[in-house]
Structure formats: structure tokens, C-alpha cells
Amino acid sequence: MIRFASTDCRRETGNIKWDLQGPLPFGIADMDIESPPCVVDALQARLNHRFYGYAFMTDELRAAITAYLIKKHGVTNAAPEWLHELPGCVPAFTLVARTVCPEPQHEVMVCSPSYPPMLHCHEDARCSLLSVPFTYTGERWEFDWEAMEAAVSPNTKLFLLCNPHNPLGRAWSREEMERVADFCERHDLILCSDEIHCDLVLDEDKQHVCALTLPERLQ
Ligand SMILES: Cc1ncc(COP(=O)(O)O)c(C=O)c1O
């Protein structure tokens with residue numbers, strides 16, 4: 001059963017959403033839903049150990065993540081040794097941009113609107129941003145393939161994708177994902193796919209298409 005928190009119980013807990021953002025704090029992805037008992041129990045068991053030193057990614061954790069990727073998203077090729085722990089997605093964007101765009105003129109391509117940190121990671125990475133607007137067909141938001149082809153240049157090195165998309169709410173279809181990957185391959189771009197919301201595709205007729213399930217030639 002899903003249990004919603006009352007706003008009173010969330011205030012004065014050092015929480016950005018309820019303590020800093022005013023009466024209608026809809027600008028941050030912090031849900032007022034209690035964590036499920038299995039999560040609370042696992043955390044409680046860890047707390048009960050009473051020693052909280054530095055941790056590393058155990059083989060058990062690697063195996064659990066790869067099993068989840070197979071079961072939930074049909075990813076059969078993820079090797080446990082590919083997994084690396086990072087403090088969050090936002091620092092990961094900067095790390096990838098720094099690695100793939102070492103020169104100031106190198107561009108991170110992001111279709112906009114997009115989760116704002118994606119449009120700003122080039123600042124910390126000391127490279128450039130190439131922002132290309134999505135297009136609205138009257139029914140849904142889509143990639144503007146023509147605008148993307150016109151904008152991309154040899155300085156563009158990285159394509160930052162958000163799937164499912166925040167804020168557009170689109171779960172990109174397999175056809176769209178293959179077209180993005182094909183675009184990246186033709187222009188020699190590294191595709192970085194942020195799939196943090198992949199388990200929130202609730203429409204029965206839609207399915208998350210993980211970048212790791214793209215045809216091998218596009219990976
Ligand atoms: C698309 C997207 N990526 C990443 C994040 C945040 O990731 P993290 O907290 O791991 O930096 C959010 C949070 O709203 C998000 O919407």
C-alpha cells in the first residue's frame with residue numbers, strides 16, 4: 001500500500017522541498033510517499049550493525065543490479081564490472097562531459113527543454129553547450145531531427161539524453177532510440193543516457209527502452 005506523508009510531518013526536517021521552496025514546492029523530484037517496508041527494513045538492518053565505515057561495491061550488489069537490469073529492462077549484455085558508483089547523476093553528467101569534451105570548444109548536445117543540470121554540466125566541465133529545441137506536433141513532443149542535423153558539428157562530442165524524459169514525460173520509443181543512436185554514430189558522438197526515471201513508466205501500452213538494448217552496432 002502506498003502511504004502519502006502529510007506536509008506537516010515533512011516540515012522542519014532539513015528538507016529542500018518543504019523547508020526552502022515555499023508553499024507550492026513543485027520544482028524538485030521529492031515525492032511525499034513513504035518508502036516501502038522492504039526498503040525501510042533493509043536500511044534498519046544496516047543501521048543496527050552500528051558501524052558505518054567506508055563501503056565498496058560488493059559482488060553481491062553488482063549481481064543484484066545486473067539481475068534487475070535483465071529482469072526489468074531486458075538488458076542481457078551488462079557486465080558486472082561495467083558498474084561504477086558515483087555520488088549522483090548530476091556529478092556523472094559533469095564527469096562524462098569532462099572526459100568526452102576535453103577542449104573548451106567541444107560541445108555537449110542536449111535537446112531542450114531538459115532537466116536543468118543537463119543544460120549546465122558544460123559549465124563545470126569547461127566545455128560548450130549545444131542546445132536544440134524539441135518540437136511539438138500538436139499531440140506530443142518529438143526530436144527535431146532536421147534541427148539536430150543542422151546544428152551538429154565536428155566540435156560536438158557528447159549527446160546527453162534523458163529517457164524517460166524530464167520534463168516532457170515522453171518514454172522514447174525503440175524507433176526513436178535507434179534514430180538517436182544512429183545520429184550519434186554518424187556524427188561520432190558518445191551517447192550518455194540518463195534513465196533514472198525508467199521504473200516510472202506506468203502506461204500499460206508503453207515500455208522503457210534502455211540504451212543498453214540497442215542493436216550491438218549502435219553501442
Ligand atoms: C532526469 C533526472 N536525472 C537526474 C536527477 C537527479 O539525479 P541525482 O539525484 O542522482 O543527481 C533527476 C532528479 O529530478 C532527474 O529528473
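Here, each number is a calculation from the coordinates, and none is a lab measurement. Because the structure is a prediction, the values reported are computed rather than measured. Here the Cβ positions follow ideal geometry from the backbone for every residue, glycine too, while neighbour counts run over all protein chains shown.
DSSP loop (so not H, G, I, E, B), at most 16 other Cβ within 10 Å: list which GluC sites (Glu not before Pro) in the stretch 1-100 pass both filters.
Numbers: sites: E12, E34, E60, E81, E85; in loops: E12, E34, E85.
Passing sites in the stretch 1-100 are E12, E34, E85.
Given a cut-off of under 8 Å on Cα pairs at least six residues apart, what relative contact order in percent is computed for the stretch 112-219? Walk me through the intermediate numbers first.
On the way: 121 pairs, mean separation 26.6, N = 108.
RCO, the stretch 112-219: 25 percent.
Filter the chymotrypsin sites (Phe, Trp or Tyr not before Pro) in the stretch 1-79 to those in DSSP coil with at most 10 other Cβ atoms within 10 Å of their Cβ, and list the result.
Values: sites: F4, W18, F26, F51, Y52, Y54, F56, Y68; in loops: F26, F51, Y52, Y54, F56.
Taking the stretch 1-79 and a limit of 10 other Cβ atoms within 10 Å, the loop chymotrypsin sites (Phe, Trp or Tyr not before Pro) found are F26, F51, Y52, Y54, F56.
Considering the convex hull of the alpha carbon atoms of the chain, report its projected area averaged over all viewing directions, in nm², one decimal.
Working: hull surface 61.4 nm².
Mean projected area for the chain: 15.4 nm², to one decimal.
How big is the shadow of the Cα convex hull of the stretch 1-53, averaged over all directions, in nm²?
Numbers: hull surface 20.3 nm².
Directional mean of the projected Cα hull area for the stretch 1-53 stands at 5.1 nm².
Looking at the chain, do any whole DSSP H helices span at least 15 angstrom along their long axis by alpha carbon and average -1.0 or above on Kyte-Doolittle, and which? Write down the numbers at each step before the final one.
Working: long enough: 37-48 (16 Å, 0.46); 59-73 (20 Å, -0.17); 89-100 (16 Å, 1.48); 174-186 (18 Å, -1.37).
Helices meeting the criterion: 37-48, 59-73, 89-100.
Within the stretch 110-219, list the GluC sites (Glu not before Pro) lying in a DSSP loop whose Cβ has at most 10 other Cβ atoms in a 10 Å radius.
On the way: sites: E123, E139, E142, E146, E149, E175, E176, E178, E185, E195, E204, E216; in loops: E139, E195, E204.
For GluC sites (Glu not before Pro) across the stretch 110-219 that sit outside H, G, I, E and B with at most 10 neighbouring Cβ atoms in 10 Å, the list reads E139, E204.
Quick one: compute the contact order of the stretch 1-96, relative version, from alpha carbon pairs under 8 angstrom and 6+ residues apart, as a percent. Mind showing how you got there, number by number?
Details: 40 pairs, mean separation 17.2, N = 96.
So the answer I get is 18 percent.
Please work out how much length the chain gains when fully extended from T135 to I16, using 0.36 nm per residue of separation minus the C-alpha to C-alpha distance, in nm with one decimal.
Numbers: separation 119, 0.36 × 119 = 42.84 nm, distance 3.24 nm.
Extra length from T135 to I16 when fully extended: 39.6 nm.
Positive end of the charge dipole of the stretch 87-218 (Lys, Arg +1 and Asp, Glu -1 on Cβ, about the Cα centre): tell me which of T135, M148, M109 has its Cα farthest that way.
M109
Give me, ordered by chain and number, the residues 5 or more places off F159 or on other chains with an amide H under 5 Å from its own placed amide H.
Residues meeting the amide H criterion: M109, I190, L191, C192.
What Cys residues in the chain have no fellow cysteine's beta-carbon under 4.7 angstrom?
C9, C38, C89, C111, C121, C162, C184, C192, C198, C210
Which whole-Hz ³J(HN,Hα) couplings does the stretch 192-203 yield from phi under the Karplus relation 6.51 cos²θ - 1.76 cosθ + 1.60, θ = phi - 60°, glycine and proline marked x?
Going residue by residue, I get 10, 10, 8, 10, 4, 9, 5, 8, 9, 8, 9, 5 Hz, with x marking Gly and Pro.
For the chain, what is the relative contact order in percent, using Cα pairs closer than 8 Å and at least 6 residues apart in sequence?
Values: 260 pairs, mean separation 31.9, N = 219.
Here the relative contact order equals 15 percent.
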